[in-house]
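Notes follow once the structure below has been shown.
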Amino acid sequence: MMETYELKGEEYIELIKLLKIMRISESGGQAKMIVEDGLVYRNGEQEFRKRAKLRAGDTIAVFEFTIKVV
């Protein structure tokens with residue numbers, strides 16, 4: 001499923017915050033575990049940094065979701 005997240009004037013969003021906002025995780029703790037388990041891919045590469053700063057143009061893939069940050 002392809003989704004889009006709009007930054008709305010922000011410079012970036014942290015990875016775990018995006019996972020919570022997009023309702024991929026139910027809590028911050030669950031979001032951290034998803035990242036730590038290596039289930040998140042940023043622009044095609046595995047991302048282990050929970051607070052990675054996602055900027056416009058980044059694409060996140062986790063489970064059946066693909067999120068384009070604009």
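Some observations on this one:
- Residues being touching a Phe, Trp or Tyr at 6+ places or on another chain (Cβ under 6 Å) and farther than 18 Å from E6 by Cβ - total across the stretch 21-65: 1
- Cross-chain or 6+ apart pairs with Cβ under 8 Å, the stretch 46-62 first and of a type in the set (S, T, N, Q), then in a loop (DSSP other than H, G, I, E, B): Q46/G38; T59/N43; T59/G44
- Single unsatisfied condition, Q46 versus (1) polar (S, T, N, Q); (2) surrounded by 16 or more Cβ atoms within 10 Å (Cβ to Cβ); (3) farther than 22 Å from V70 by Cβ: (2)
- Selection status of I21, without any contact (Cβ under 8 Å) to a residue 40 or more places away in the chain and of a type in the set (A, V, I, L, M, F, W, C): yes
- If the condition is being more than 15 Å from I13 (Cβ to Cβ) and surrounded by 14 or more Cβ atoms within 10 Å (Cβ to Cβ), then the stretch 49-64 contributes only A61.
- Only one of R49, R42 that is over 10 Å from the mean Cα position of the chain (by Cα) and of a type in the set (K, R): R49
Values quoted throughout were computed directly from the atomic coordinates according to the rules given, and no laboratory measurement underlies them. Remember, it's a predicted structure, so these values are computed and weren't measured experimentally. Heads up, the Cβs are rebuilt from the backbone with ideal geometry, glycines too, and the neighbour counts pull from every protein chain shown.
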